[in-house]
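The next block holds one structure in the form of structure tokens; read it before the comments.
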Amino acid sequence: MATKKEFNVFAHELVPEHRVLSEEERETLLRKYRIKISQLPQIKASDPAVVALDAKPGDVIEIKRKSPTAGYYYYYRLVVED
């Protein structure tokens, strides 16, 4: 029986760096921007990057993108059920 070959989504040049925030980092983020967790943009638990990180609904993902003018910028997504 053939085995399923896994694809590393983060190896692709167009996929930015992703990571799951710790509880402490998440609380710091919410205080910094004075927001509730429900106000964060959402990302589905079935997203390939979320699956690769083994993130669960309720986790907050930090995404680091390159910018030609700003160097790097960060944005955040709340993992939600499909």
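Things to note:
- Close Cβ contacts (under 7 Å, 6 or more residues apart or on different chains) running from residues in segment 26-47 that are touching a residue at least 40 places away in the same chain (Cβ under 8 Å) to residues that are assigned to a helix (DSSP H, G or I) comprise Ile37/Leu30.
- In segment 45-69, residue nearest to the chain's Cα centre (by Cα) [restricted to those that are under 19 Å from Leu30 (Cβ atoms) and among the aliphatic types (A, V, I, L, M)]: Ile61
- Cβ-Cβ under 7 Å pairs, at least 6 apart or on other chains, segment 6-17 side over 17 Å from Tyr75 (Cβ atoms) and at pLDDT 80 or above, far side aliphatic (A, V, I, L, M) and part of a helix (DSSP H, G or I): Val9/Ala49; Val9/Ala52
- Members of segment 18-38 that are of a type in the set (A, V, I, L, M) and either over 13 Å from Tyr75 (Cα atoms) or more than 16 Å from the chain's Cα centre (by Cα) (or both): Ile35, Ile37
To keep it simple, each residue is scored yes or no on (1) surrounded by fewer than 16 Cβ atoms within 10 Å (Cβ to Cβ); (2) hydrophobic (A, V, I, L, M, F, W, C); (3) in a strand (DSSP E or B).
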site	(1), (2), (3)
Phe10	yes, yes, no
Glu27	yes, no, no
Ser38	yes, no, no
Ser46	yes, no, no
Ala52	yes, yes, no
Ala55	no, yes, no
Arg65	yes, no, yes
Leu78	no, yes, yes
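The values are calculated or read from the model by the stated rules, or taken from the named source; none is laboratory data. Computed from a predicted structure; not experimentally measured. Quick reminder, even Gly has a Cβ in these numbers, built from the backbone with ideal geometry, and neighbours come from all protein chains shown.
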